[in-house]
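Presented below is the structure to which this report refers.
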Amino acid sequence: GGGFYAYLYDPYSIKGLTIDGVSVISDYDGNSGAFVGTLYGASVIDCHVKGKVEIRARDIAGGIVGISNGQTNIYACTFAPDETSILTAPVAVGGIIGYLSDVSDRVMGCIVHDFTFTEEAEFLGGICGMIRSSNIIQCQS
């Protein structure tokens, strides 16, 4: 995985951080996000990405988190890249998260500002590229 953290596990969390410009290019493991590639039962709260962004993943990419794997929380995060930014992966791409993979995962109060997808993935979404019966609450894209 790729990101500020490749993997983040329960009971840990990331809170109150802003990344202004980021490049994450991961050819090894399939999931990448600016903050976390793969989230396992952990939380990302009040975190923001802006500026020049380049996130390239082998499978799944998200602006904040690549993939979640149960009991995860992503709250009050924003993805506001500049117009030349790249967010790309062949399977799933989402402005906040590439893939919400478990019914217990939750994304709440997140916003994606003015992002246009320029690459093709099998699943694309403003907030979430691919979802599996999870909860997306009060988000905007």
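Some observations on this one:
- Net length gained if the chain between Phe123 and Glu54 were fully extended (0.36 nm per residue, minus Cα distance): 23.0 nm
- In terms of the mean number of neighbouring beta-carbon atoms within 10 Å, the peptides 24-35, 119-130 order highest first as 24-35, 119-130.
- Whole-percent carbon and sulfur share, accessible surface of region 10-122, 1.4 Å: 47
- For the chain, the relative contact order is 21 percent, taking Cα pairs closer than 8 Å that sit 6 or more residues apart in sequence and dividing their mean separation by the residue count.
- Packing, taken as the mean count of other beta carbons within 10 Å per residue, orders the peptides 132-139, 99-106, 60-67 from highest to lowest as 60-67, 99-106, 132-139.
- If only the Cβ of Lys and Arg carry +1 and only the Cβ of Asp and Glu carry -1, the dipole of the chain around its Cα centre is close to 280 debye.
- Of [x] 51, 42, 27; [y] 34, 27, 24; [z] 57, 26, 20, the label for Cα extents along the principal axes in Å derived from the coordinates: [y]
- The residues of region 1-113 present an accessible area of 39 Å² per residue when probed at 1.4 Å with all protein chains retained.
The values are calculated or read from the model by the stated rules, or taken from the named source; none is laboratory data. Keep in mind it's a predicted model, so treat the numbers as computed, not measured. All Cβ positions, even for glycine, are placed from backbone atoms using ideal geometry, and neighbour counts span all protein chains on display. Each accessible area value is taken on the protein alone, full model and side chains, heavy atoms only, with ligands, DNA and RNA left out. Shrake-Rupley method; radii C 1.70, N 1.55, O 1.52, S 1.80 Å.
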